[in-house]
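This report refers to the structure that appears directly beneath it.
The values are calculated or read from the model by the stated rules, or taken from the named source; none is laboratory data. These numbers were taken from a predicted model, which means no experiment stands behind them. Cβ sites come from the backbone with ideal geometry, for glycine too, and all protein chains shown count toward neighbours.
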Amino acid sequence: MKDSAPQTVYLADYAAPGWLVDSVHLTFRLDPEATRVVSRIAFRPNPEGTQDRFYLDGENLKLIGATIDGQPVTPEITATGLTCPVPDGPFVWEADVEIAPAANTALDGLYMSGGMYCTQCEAEGFRKITYYPDRPDVMGVFSVRIEGDMPVLLSNGNPVASGDGWAEWHDPWPKPAYLFALVAGDLVAHSDLFTTTEGRDVALNIWVRPGDLDKCAFGMTALKASMVWDEQVYGRAYDLDLFNIVAVDDFNMGAMENKGLNIFNSSCVLAKSDTSTDADFERIEAIIAHEYFHNWTGNRITCRDWFQLCLKEGLTVFRDQTFTGDLRGHAVKRIDDALTLRARQFREDAGPLAHPVRPASFVEINNFYTATVYEKGAELVGMLKRLVGDDGYRAALTLYFDRHDGQAATIEDWLQCFTDATGRDLTQFALWYAQAGTPQITVTDDFVDGTYHLTLAQMTPPTPGQPDKQPLHIPVAVGLLAPDGSEVVPTRMLELTQAQQTYTFAGLAARPIPSVLRDFSAPVILNHTQSAADRGVLLAHDSDPFNRWEAGRILARDVLLAAVRDGKAPDPAYLDGLRATLTDDQLHPAFRARILALPSEQDVADALVRAGETPDPDRIHSARRQVRQAIATALDAQMDAVFATMQVPGPYDPRAEDAGRRTLGNTVLSYLTLLDAGHRAAAQYEGADNMTQQIAALGCLLDIGAGQQELAAFRAQWQGDRLVMDKWFGLQIARSDPAETVTRAESLTRDPAFDWKNPNRFRSVFGALAGHMAGFHRQDGAGYDLLADWLIKLDPLNPQTTARMVTAFDAMARYDATRQELMRAALTRIARTPNLSRDTTEMVARILG
Ligand code: ARG
Ligand code: ZN
C-alpha cells in the first residue's frame with residue numbers, strides 16, 4: 001500500500017464515469033470491531049463515459065475477497081481505492097470487506113455513537129463502507145440486508161422483511177452513494193401519519209434513545225408542516241411510504257438528508273420547552289424542513305459532482321428560509337438571514353478562505369460546506385427570483401423538476417431552466433457562481449429641478465486567486481421617500497449590470513430620501529453616505545421593514561464607531577430614535593428587539609477594517625459596554641415598562657408570537673441588568689419555567705460578573721442532559737470578562753463532563769472561545785495557544801471538526817502585528833504536526849496563504 005499525497009481536484013477536469021450502476025445489494029453483519037459488508041453491484045459501461053480504467057473508491061477497508069461474475073479476482077489496491085481488469089459489457093462485482101465502526105472516530109462512514117450504529121456518507125464517506133464509484137453522478141437502486149443484535153435496524157426506502165436480528169430494505173429511487181444510510185440501535189420512535197396530496201399514506205417516525213421520547217413532538221409538527229409547505233408552495237409531494245428521522249449524539253454537522261432516513265445531530269431535532277430555547281425551536285424547525293426539502297432538491301435531482309454542491313444546498317437553504325418566513329414572518333427572518341450572511345459569509349469572503357459559490361478546485365470537499373456555498377448560494381437563488389419575478393421563478397422551477405428529475409445536474413442546467421422558462425439572458429448573472437468576494441456598491445445622487453439621479457457604482461475587491469473582477473448583474477430594489485417620510489416612489493427593481501449606472505426619477509416635488517437595497521435584494525455591501533437625519537426618517541417611516549431596521553443599524557454602528565475611536569457617548573438624537581422604536585406598539589416585538597440589539601463586536605471590527613483601521617478587540621469590547629450602559633440609562637423607564645408588558649403568561653408556546661415577546665423582554669432585560677445589580681434577572685432565573693427565560697436570565701447575570709450561584713444550580717439541575725450541558729459550557733465562556741475567557745475555557749476542559757470527542761461538546765467550549773472576540777484575541781496569545789493545542793489533539797481523531805474550527809484564525813490579517821505574529825505561530829505549530837489530516841492541512845495552508 002502506498003500513501004498518495006493530497007491531490008487537488010479541478011472542476012475543469014470533470015470526466016463522465018466509465019461505468020454506471022444498475023443495482024446494489026449490500027449485506028451488513030454488524031460488529032463494533034469487525035463489521036462485514038458484502039456488496040453485489042451490477043455495473044454496465046457508460047456509453048458517454050470518458051474513463052477507460054475501472055476504478056472503485058475505498059478507504060480503510062480490509063478486502064476479504066472479490067469476484068467478477070462469480071470468478072475470484074485480485075484487484076490492485078491503493079490507500080484510496082482499487083482497480084482491476086473487467087469484461088467488456090455488463091458484469092456483476094462482488095466484494096466482502098471488513099470495517100471497524102467502533103474505531104471510526106472521524107464520524108464519517110459507518111461509526112458508533114452511544115452504542116448505536118449510524119452512517120454519514122456525504123460527501124465521500126461511502127468509500128469507507130465498501131468499494132464503490134463514490135461520486136454523485138453514479139446512481140443505483142439499493143437493497144440492504146442488516147444482520148445485527150439490535151432491536152431497531154434501519155436503512156433507506158421501504159422495509160421489505162425482517163426477523164429476529166435482521167431486516168431487509170429496498171429503496172426504489174436510484175441514488176448516489178452519499179445518500180445511503182444505515183442505523184442500528186436500541187431506539188424508540190415517536191410516530192405519526194401523513195397523507196400526501198397524491199393520496200399516499202406515509203408513516204413518519206422520529207427515532208431516539210428511550211429517554212428522549214418526550215423531546216420529539218415539536219420535530220414531528222415541523223416535519224408535517226414542511227411536507228404540507230412543499231406540496232403547496234413547490235408542488236412537491238413525498239415519494240415513499242415511510243419517512244424516518246434518527247437523532248444521534250455524535251455528529252459532525254447539523255443533519256443529513258439520506259433518502260427516507262434523515263440522520264440528525266440530536267441538537268438539531270430534540271426539543272422540549274424546559275430544555276430548549278426559542279432560538280433552538282426555530283433552528284430545529286428550519287433544519288427539519290431543510291433536510292425534508294432535500295428530498296426533491298438534492299435527492300430526486302442531485303449534483304453531477306461536488307463542485308455543484310450549491311445546486312442543492314443554495315436552493316434548499318433558500319427554500320427553508322422562505323418556509324421559516326412563511327411561518328414566522330418575513331421581515332424578521334430577512335433581518336436574521338442578513339445578519340448571519342454578514343457575520344459568516346461576508347467575513348469568509350473578506351479573508352484568505354474566500355471562494356466562489358461554485359469553487360473551481362478543492363483538496364478536501366468537506367472543507368467547502370461553507371457559508372459561501374450555503375448562504376450566499378441561497379442569496380443567488382433569491383436574486384434570480386427577484387430578476388424573473390414570482391411567476392417566472394415558479395415556471396423555471398417547474399421546468400427544472402420536469403427536466404432533471406432523476407438526474408445529477410449542474411449549475412448550467414439550473415440556469416438554463418430559468419432562461420428557457422422566462423427568456424432572460426443570464427450569461428452575466430452566471431458570474432455570481434464563479435466570482436468570489438462581496439461586491440461593494442457606492443451610492444451617489446443629485447437633485448435638480450424636480451429630477452432625481454441615483455448613481456450606483458459596483459466594485460468587487462480581489463480575492464485569493466482572483467485579482468481582477470468583472471461587473472455583476474445585481475438586482476437593487478430602490479424606493480424613494482419624501483422628507484416627511486411618505487413614500488413618493490414605491491419599490492423599483494433596478495438592474496445594475498455595468499460598473500456604474502445612473503437611474504433617473506422625474507417629477508418630484510422635493511429632494512427625496514432614497515431607500516436603497518430594500519429587503520436586502522442582493523448580497524452586497526452598500527457604501528452610502530446619508531445624514532443621520534435622513535437615516536432617522538428611514539428608521540421611523542420606511543415602508544420596507546428591512547431598510548427600516550438597516551437605518552437603525554447604521555446609526556447604531558456609527559455610535560459604536562464614535563465610541564471606539566473617540567470615546568464619544570451616544571448622540572441624543574440616536575437615543576430618541578431608539579426610544580421611539582422601543583415604545584412603538586405598532587411594531588412587532590421581535591422586530592423591536594432586532595432594532596434594540598446593537599451590532600456585535602465583530603460587526604464593529606468589520607466596519608473598522610473596511611475603513612482601513614486596525615481593530616483593537618479590548619477597546620471595542622469596552623466601548624460597546626459603555627454604549628450599552630448609556631442606552632440603558634437613557635431608556636431605563638421605558639425599558640422597565642416594556643419588560644413588564646412582554647411577560648408571557650400561560651403555558652409555553654414556541655411559535656413566533658410568544659417567542660417575539662420573550663425576545664424583546666430578554667433584550668431589555670440585558671440592558672436593565674446593567675442598572676439593577678441583576679435583581680430582575682435573578683428573579684426571572686428563579687421563576688423561569690422554560691429554557692429561554694432561564695438561560696437568558698443567567699446570561700444577563702454572567703454579563704455583570706454575577707450569577708456564579710445560578711451557574712452551579714444550573715449544572716446541578718441539568719447535568720443529566722447533554723444538550724443543556726452544552727449550553728452550560730458555552731454560555732459561561734461566551735459571557736465571560738475578556739480577561740478571564742481563556743482561563744475559563746481552559747478550566748472547563750478539565751471538567752469531568754468535558755467529553756472532547758463529542759463534536760457538540762468540543763464546539764460548545766471552543767466555538768464559544770473563538771466567538772468571544774476580545775477574549776480569544778487576548779494580547780499574550782493564550783487564546784490562540786489553547787485552541788491550537790486542542791485542534792492538534794482532535795485532528796487525528798476527527799479531521800472534519802478540526803478543519804472547521806481552524807477557521808477561527810481566518811481573520812488573522814486584520815489584527816495588529818503582535819497578534820498576527822502569535823496567530824501565525826499557532827497555525828505554524830498546527831501545520832507542522834506530524835501526520836496532520838488532509839482536511840486540516842488544506843485549511844491551515846489556505847489561511848497562511
Ligand atoms: N447535506 C447536509 C445538509 O443538509 C450536510 C452534510 C455535510 N456533510 C459533510 N460531511 N460535509 O446540508
Ligand atoms: Zn443541505
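A few notes on this one:
- Condition check for Glu76: free of Cβ contacts under 8 Å to residues at least 12 places away in the same chain, assigned by TED's automatic domain parsing to the domain that holds Leu154 and away from ligand 1 (no atom under 16 Å from the Cβ): yes
- Of the strands (runs of 3 or more DSSP E) lying entirely inside the stretch 1-110, those containing at least 1 residues that are surrounded by fewer than 18 Cβ atoms within 10 Å (Cβ to Cβ) and of a type in the set (A, V, I, L, M) are 35-45, 62-68, 91-99.
- Selection status of Arg300, within 15 Å of ligand 1 (Cβ to nearest atom), out of contact with any strand residue (DSSP E or B) (no Cβ under 9 Å at 6 or more places or on another chain) and either at negative phi or not polar (S, T, N, Q) (or both): no
- Residue check: Thr130 meets all listed conditions (1) more than 28 Å from Val188 (Cβ to Cβ); (2) within 16 Å of ligand 1 (Cβ to nearest atom); (3) polar (S, T, N, Q) but one, namely (2).
- Any hit, the stretch 268-276, residues being away from ligand 1 (no atom under 16 Å from the Cβ) and of a type in the set (Val, Ile, Thr): yes
- Complete set of residues in the stretch 666-702 that are of a type in the set (Gly, Ala, Ser) and either touching a Lys or Arg at 6+ places or on another chain (Cβ under 6 Å) or part of a loop (DSSP other than H, G, I, E, B) (or both): Ala677, Gly678, Ala688, Gly699
- Within this structure, Ala34 passes the test of being closer than 29 Å to Ala167 by Cβ, within 37 Å of the chain's Cα centre (by Cα) and not acidic (Asp, Glu).
- Screening the stretch 210-256 for residues that are more than 16 Å from ligand 2 (Cβ to nearest atom) and of a type in the set (Gly, Ala, Ser) and picking the one that is nearest to Asp278 (Cα to Cα) gives Gly219.
- Of all residues making up the stretch 255-276, the number that are within 28 Å of Leu664 (Cα to Cα), of a type in the set (Val, Ile, Thr) and crowded, with 24+ Cβ neighbours inside 10 Å: 1
- Summed over the stretch 308-341, the residues that are away from ligand 2 (no atom under 16 Å from the Cβ) and either farther than 24 Å from Val604 by Cβ or touching a helix residue (DSSP H, G or I) at 6+ places or on another chain (Cβ under 7 Å) (or both) give a count of 13.
- Per-region count, the stretch 216-255, residues within 16 Å of ligand 1 (Cβ to nearest atom) and under 19 Å from Thr324 (Cα atoms): 7
- Hey, Val363 within 16 Å of ligand 2 (Cβ to nearest atom) and farther than 22 Å from Glu550 by Cα or not: no
- Residue within the stretch 468-476 that is in a strand (DSSP E or B), away from ligand 1 (no atom under 16 Å from the Cβ), in contact with a Pro (Cβ under 8 Å, 6 or more places away or on another chain) and acidic (Asp, Glu) present: no
- Contact map, the stretch 818-835: first residue surrounded by fewer than 16 Cβ atoms within 10 Å (Cβ to Cβ), second residue modelled with pLDDT of 95 or more and assigned to a loop (DSSP other than H, G, I, E, B), Cβ cut-off under 8 Å, separation 6 or more or different chains; pairs are Thr818/Gln779; Ala825/Gly781; Asn835/Pro796.
- Output for the stretch 47-77, where each listed residue is farther than 22 Å from Pro136 by Cβ and β-branched (Val, Ile, Thr): Ile64, Thr67, Ile68, Val73, Thr74, Ile77
- Residues in the stretch 287-302 that are among the hydrophobic types (A, V, I, L, M, F, W, C) and within 11 Å of ligand 2 (Cβ to nearest atom) were compared, and the one that is nearest to the chain's Cα centre (by Cα) is Ile287.
- Residue within the stretch 759-778 that is touching a residue at least 60 places away in the same chain (Cβ under 8 Å) and farther than 25 Å from Arg624 by Cβ present: yes
- Taken together, the criteria exclude Leu353 from residues that are under 20 Å from Gly771 (Cβ atoms), out of contact with any Gly (no Cβ under 7 Å at 6 or more places or on another chain) and free of Cβ contacts under 8 Å to residues at least 24 places away in the same chain.
- Every residue from the stretch 703-750 that is farther than 25 Å from Gln629 by Cα, in contact (Cβ under 8 Å) with a residue 12 or more places away in the chain and in a loop (DSSP other than H, G, I, E, B): Gln719, Asp721, Thr749
- Residues of the stretch 303-339 that turn out to be away from ligand 1 (no atom under 15 Å from the Cβ), under 14 Å from the mean Cα position of the chain (by Cα) and touching a residue at least 24 places away in the same chain (Cβ under 8 Å), as a count: 3
- Matching entry among Asp571, Asp566, Asp544, Asp558 (being in the same structural domain as Ala607 (by TED's automatic domain parsing), of a type outside the set (Ser, Thr, Tyr) and free of Cβ contacts under 8 Å to residues at least 12 places away in the same chain): Asp566
- Candidate set: the stretch 755-774, residues that are touching a helix residue (DSSP H, G or I) at 6+ places or on another chain (Cβ under 6 Å) and assigned to a loop (DSSP other than H, G, I, E, B); chosen: the one surrounded by the most Cβ atoms within 10 Å (Cβ to Cβ): His772
- Leu399 at pLDDT 95 or above, touching an Asp or Glu at 6+ places or on another chain (Cβ under 9 Å), surrounded by fewer than 20 Cβ atoms within 10 Å (Cβ to Cβ) and not small (Gly, Ala, Ser): yes
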